[in-house]
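All remarks here apply to the structure that follows.
The values are calculated or read from the model by the stated rules, or taken from the named source; none is laboratory data. Being a predicted model, the structure only gives us computed values, none of them experimental. Methodologically, a virtual Cβ is constructed for each residue, glycine included, from the backbone with ideal geometry; neighbour enumeration extends over all protein chains shown.
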Amino acid sequence: MRAVPVSDGIWWVGGVDWNLRDFHGYETPRGTTYNAYLVIGKDQVALIDTVKTAFVPELLSRIAEVVDPSEIDLIVVNHVEPDHNSGLRHVMAACPNARVVASKAGVPSVAEYHDGLTVDEVGPDDVIDLGGKTLRFMPMPMVHWPDSMFTYCAESATLMPNDAFGQHMASAERFADEVGLDLAVEELGIYFANILMPVAKMVGKAVDKVVAAGWKLDVIAPSHGVIWRGEGIGRAIGAYETWCANTLKDKAVIVYATMWGSTDSLAKAIADGMVAAGIDVSLYDLSVTPIATVTADLLDARAIVIGSPTLHHGMLYKVAGYMQYLAGVKPVGRLGAAFGSFGWGGGATKQITERLEAIGLTMCAEPFTEKFRPTTDDLDAAQEWGGVVAKAIKDAGASAPADA
């Protein structure tokens with residue numbers, strides 16, 4: 001795969017990780033990319049971001065298709081995390097004259113990561129003129145680390161925002177419209193839910209800052225996945241605005257694990273009761289569904305309903321593990337409810353309830369628990385309980401602010 005022109009004077013030269021299947025516990029069945037960009041001016045050449053160490057040979061090979069790596073004068077580190085920064089020293093060995101710049105928070109982090117490397121600070125008042133191409137910088141703390149920064153080239157109307165607007169998706173194509181906008185936006189949502197949901201407010205402010213700056217955007221070139229241009233820019237920004245505003249629907253995500261099928265039967269009966277009450281429902285068995293998929297469905301769901309049988313007086317480990325993951329992504333403004341089955345001793349629904357409350361969800365119904373294999377009457381009761389949760393969802397939706 002060769003270097004690819006992104007916009008006037010800007011080239012994609014990153015790496016494609018076809019075989020990545022896990023990113024911090026977030027399943028990545030489509031792999032990912034580590035995007036880096038060359039900006040070619042009349043006087044200087046800049047490299048925006050680097051790559052994971054193993055992909056440095058790919059990066060340098062693609063750079064060499066455009067310029068000799070030794071001609072690079074500037075390396076911009078938009079984010080210190082190793083998937084973008086760990087290969088920096090190896091890249092610098094091929095770019096002996098390059099100066100490294102980062103945000104104020106990024107300077108000490110990059111220096112520490114690379115054993116005292118000299119790094120210069122850039123900020124919103126700085127403009128670096130490459131000769132007919134200028135670079136501007138907008139520090140974006142907590143989008144999604146304190147050091148995060150956006151870099152913008154006005155002459156090419158290209159924004160390089162690192163992890164913002166990214167997706168974990170490896171492909172031979174470099175642009176969202178080439179892989180299909182629907183697929184690209186779907187992957188954008190999965191990435192947002194699993195990586196950026198905890199900092200959604202900060203991401204929303206970042207988008208507002210870019211709009212307020214009046215930066216023309218012909219291209220948004222993130223650090224992972226495909227690049228946005230044309231109609232894709234509006235699709236991507238519109239999706240971000242919706243997710244950052246935490247716009248929720250009368251929808252529930254039912255998540256569970258089962259041992260002998262009892263909790264599975266209850267989950268399906270509960271879903272039937274909610275659907276009959278007019279609530280949109282997604283149903284996921286954690287033993288067969290990637291947690292990244294489950295979490296992405298929470299982006300617009302007003303409630304999460306979690307079920308588990310009792311094992312050793314507590315939840316099954318898959319449910320307990322997902323609860324820990326859920327605590328990390330911090331879905332705010334949601335309702336929660338717990339259900340499950342047990343044999344000789346209970347405890348799972350109590351643990352689920354306590355954990356959901358600790359995460360910050362509002363419990364909207366008493367836990368629903370049945371002993372042994374559910375009878376027909378038990379399943380009828382589960383449907384009724386689903387109706388109770390559905391009513392709470394509708395009531396919450398009716399009382400929510402119009403712009404929530």
Exercise. Which one of these is in contact with a Phe, Trp or Tyr (Cβ under 8 Å, 6 or more places away or on another chain) and either among the charged types (D, E, K, R) or surrounded by fewer than 22 Cβ atoms within 10 Å (Cβ to Cβ) (or both): Thr293, Thr247?
Worked result: Thr293
Problem set entry | Long-range neighbours under 7 Å by Cβ, at least six apart or interchain, first residue under 18 Å from Lys216 (Cα atoms) and modelled with pLDDT of 95 or more within segment 130-144, second among the charged types (D, E, K, R) and not in a loop (DSSP other than H, G, I, E, B) | Gly132/Glu155; Lys133/Glu155; Thr134/Glu155; Met138/Lys209
Seminar exercise, completed: Within segment 321-362, residues closer than 16 Å to Val305 by Cβ and of a type in the set (S, T, N, Q) come out as Ser341, Thr349, Gln351, Thr353, Thr362
For this session: Please go through segment 185-217 and pick out each residue that is buried (at least 17 other Cβ atoms within 10 Å of the Cβ), under 19 Å from Gly232 (Cβ atoms) and among the β-branched types (Val, Ile, Thr).
Result: Val185, Ile190, Val203, Val207, Val210
For this session: Identify all residues within segment 158-197 that are small (Gly, Ala, Ser) and either closer than 19 Å to Met140 by Cβ or part of a helix (DSSP H, G or I) (or both); write none if there are none.
Result: Ala164, Gly166, Ala176, Ala184, Gly189, Ala193
Exercise. From the set of residues in segment 96-109 that are touching a helix residue (DSSP H, G or I) at 6+ places or on another chain (Cβ under 8 Å) and at pLDDT 95 or above, which is surrounded by the most Cβ atoms within 10 Å (Cβ to Cβ)?
Worked result: Ala102
For this session: State yes or no: is Val253 under 25 Å from Val13 (Cα atoms), in contact with a helix residue (DSSP H, G or I) (Cβ under 8 Å, 6 or more places away or on another chain), at pLDDT 95 or above and buried (at least 17 other Cβ atoms within 10 Å of the Cβ)?
Result: no
Exercise. When you go through (1) under 26 Å from Asp68 (Cβ atoms); (2) touching a helix residue (DSSP H, G or I) at 6+ places or on another chain (Cβ under 9 Å); (3) in contact (Cβ under 8 Å) with a residue 40 or more places away in the chain one by one for Thr158, which number turns out not to apply?
Worked result: (2)
